[in-house]
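Accompanying notes for the structure given below.
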Amino acid sequence: MNFINNYFSALWDLTIEMAPYLLLGFLIAGLLNGVFTKNWLQRKLGKPGFASSIKAALFGIPLPLCSCGVIPTGVSFHKNGASKGATTSFLISTPQTGVDSILITYALMGWAYAIIRPVIAFVTGVFGGFIADNYVLSEQINAPKCDDNSCSSCEVEDSASKKQTWFNRIFRYAFVTFLQDISRYLVLGLALAALITVAVPDSLFTEYVDQAWLNMLIVLIASVPLYVCATASVPIAAALLLKGISPGAAIVFLMAGPATNIATFTVLWNTIGKKTTLVYLSSIIGGALFFGFLIDYTLPETLYNYFLPITTITEQHQHILPHWLMIGSGIILIYLIIQAEVIRYIPQKQNSKTTDMTTYKIKGMTCNHCVANVEKNLGSLEQVTEVNVNLDKGTAQVEGQATEDQIKSTIESIGYQFEGKL
């Protein structure tokens with residue numbers, strides 16, 4: 001009984017500690033989505049070269065896109081003229097962090113970690129873009145480039161967005177669409193962090209796994225194949241730090257975990273090519289390890305203890321915000337997560353009643369950005385009159401005269417796997 005009480009107490013403390021910064025991060029994410037449209041970004045990333053890679057990394061760092069959601073956006077950039085280097089830089093830097101995760105990192109781990117994350121994302125993104133521009137130019141992304149005179153897919157998002165006001169579009173993206181993408185992973189991350197806090201002995205990493213390089217190796221092996229979004233990775237990393245893991249190993253987890261997973265590998269392999277996928281993985285893993293070793297083995301002890309303290313991570317911000325604000329934000333966050341799950345379920349009921357549409361099975365969709373990408377590209381076909389995509393079931397219901405071969409070609413051109421008609 002004491003274990004259960006301690007677990008839920010730790011879970012509640014973590015939730016209210018994160019909630020104010022999460023809500024602010026969601027709002028800023030909505031503003032970014034409303035101000036920096038995809039079409040505007042695509043026009044800035046067209047020329048090969050170092051400058052395009054730098055701009056792509058700077059654009060990508062604050063955007064709240066996960067490793068799966070960034071893929072269709074990155075491919076869309078390339079289809080509309082972005083260079084190979086800029087596309088690769090964007091794909092590398094974006095999922096490692098975001099404005100929401102930076103705020104949460106500050107809340108739970110301090111300002112030094114909050115600064116280090118975007119710096120590493122920027123460096124690895126620019127490095128990967130440079131390699132892609134100079135060594136894998138011959139490998140083409142498996143997606144047709146848009147023609148300004150004939151490509152209707154670029155116009156779908158704009159025409160749909162005109163149905164909502166700018167204000168409503170920002171808040172819907174921030175507290176519904178974006179929250180739906182990370183809500184389950186956020187809950188899982190909080191649950192795991194609370195479990196680590198209560199169940200893992202304080203002496204595990206200090207007595208049995210006391211070598212920093214071994215910490216980093218274990219964390220890397222565990223984080224690369226699994227999916228954890230940038231925001232959800234923070235409470236887990238903070239809990240591990242309090243249990244004695246090295247700061248460098250925490251950095252490896254924060255950077256490699258959100259940017260890599262098996263599903264992402266598959267889509268990237270088929271979408272941006274083998275060579276570019278290897279550049280993507282080596283830049284993220286190599287960058288995370290490089291900065292991890294830099295922190296653990298070269299930072300002087302005095303600076304180490306000052307900039308990256310490991311004993312007051314969750315305590316140092318407890319008195320900055322009023323307690324009532326933290327509790328109120330926690331309640332609002334829980335309500336929004338429940339609402340996001342309810343909204344996620346409602347369209348399934350509506351779509352299941354549709355009888356005059358053909359249903360196709362699609363593999364590889366993992367978030368609402370995937371849904372929007374599939375709906376946009378299928379909807380751009382002249383023979384298609386309506387498209388309904390169900391994320392949880394991995395299906396697309398299509399109305400119109402488009403053939404199965406046309407549907408298959410469109411789905412595969414944007415990096416997903418077409419598994420046939422149901």
Response to the item:
With all protein chains in place and a 1.4 Å probe, Tyr185 shows an accessible area in Å² (nearest 10) of 80 Å²
Discussion item. Heavy atoms of the protein only, probe of 1.4 Å, neighbouring chains included. What is the accessible area of Lys274 in Å², nearest 10?
Written reply: 120 Å²
Worksheet entry | Given Lys84/Lys361; Lys363/Lys421; Lys84/Lys376; Lys393/Lys421; Lys275/Lys376; Lys84/Lys408, the pairs whose alpha carbons are separated by over 20 Å | Lys84/Lys361; Lys84/Lys376; Lys275/Lys376; Lys84/Lys408
Worksheet item: In what order, largest first, do Ile182, Ile343 sit by accessible area if the probe radius is 1.4 Å?
Response: Ile343, Ile182
Worksheet item: With every protein chain kept in the model, how would you rank Ile218, Ile262 by accessible area, 1.4 Å probe, largest at the top?
Response: Ile262, Ile218
Worksheet item: Which value, in Å² and to the nearest 10, is the accessible area of Phe293 when all protein chains are kept and the probe is 1.4 Å?
Response: 90 Å²
Response to the item:
Taking R0 as 45 Å and r as the Cβ-Cβ distance between Leu325 and Ala222, the FRET efficiency 1/(1 + (r/R0)^6), rounded to the nearest 0.05, comes to 0.80
Item to complete: Quick one: order Met357, Met1, Met18 from most to least accessible surface, probe 1.4 Å.
Response: Met1, Met357, Met18
Fill in: Contour minus Cα-Cα distance for Tyr345 and Val187 (0.36 nm per residue)
55.1 nm
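The values are calculated or read from the model by the stated rules, or taken from the named source; none is laboratory data. Nothing here was measured: the structure is a model prediction, and the numbers come from that model. Here Cβ is always computed from backbone atoms with ideal geometry, including for glycine, and neighbour counts include all displayed protein chains. The protein model used for the area step is the full one, side chains on, heavy atoms only, and it has no ligands, DNA or RNA in it. Shrake-Rupley method; radii C 1.70, N 1.55, O 1.52, S 1.80 Å.
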